[in-house]
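Report on one structure; see the data block that follows.
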Amino acid sequence: MSQVINQGEVLESDVQYAKNLAWWLYVFHGLSLCFSLGMLSWLPLIVNYLKRGDARNTFVYSHHRWQIRSFWWYLFWVVVATVVSFTLIGIPLAIVIGVLAWIWKAYRLIRGWFDLNDNISMPR
């Protein structure tokens, strides 16, 4: 017995697969942020870069872009905090920058995760 699958079901299946992958990438980015202060976020970042092309022309593509941008901006602010910390006076400022960067990235991951679950594209 052969089963006929229409094109809409195949496309829906592809979008669902891409959505599930993006969901897990949010989880891995979040775990990395909690347990390594984001130092291991480069692992899911590689998957974001490799798989975002598969999500092209879907709302999931914006979530890969959102995660990639979150990583690079977080890294930028961590580097700024590190440079500022080289002076004794800059240490308190570096701590503030680091904490704010962590909160900002956590917010972006949580917002993206909720919007992905609601099938909403992320803003540019």
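On the basis of being closer than 17 Å to residue 123 by Cα and among the β-branched types (Val, Ile, Thr), does residue 58 make the cut? In short, yes.
Put simply, of 81, 106, 101 the only residue that is small (Gly, Ala, Ser), in contact (Cβ under 8 Å) with a residue 60 or more places away in the chain and touching a Gly at 6+ places or on another chain (Cβ under 9 Å) is 106. Under the condition of being within 26 Å of residue 61 (Cβ to Cβ) and of a type in the set (Gly, Ala, Ser), which residue from segment 77-124 is surrounded by the most Cβ atoms within 10 Å (Cβ to Cβ)? Looking at residues that are within 26 Å of residue 61 (Cβ to Cβ) and of a type in the set (Gly, Ala, Ser), I get 112. Within segment 41-59, the residues that satisfy the criterion of being open to solvent by 90 Å² or more (accessible area, probe 1.4 Å) and without any contact (Cβ under 8 Å) to a residue 12 or more places away in the chain are 50, 56, 57. Across segment 68-124, the number of residues qualifying as touching a Lys or Arg at 6+ places or on another chain (Cβ under 8 Å), among the β-branched types (Val, Ile, Thr) and not in a helix (DSSP H, G or I) comes to 0.
The values are calculated or read from the model by the stated rules, or taken from the named source; none is laboratory data. All values reported here derive from a predicted model rather than from experimental measurement. We place every Cβ from the backbone using ideal geometry, glycine too, and count neighbours over all the protein chains shown. Accessible surface areas use protein heavy atoms only, side chains included; no ligands, DNA or RNA. Shrake-Rupley method; radii C 1.70, N 1.55, O 1.52, S 1.80 Å.
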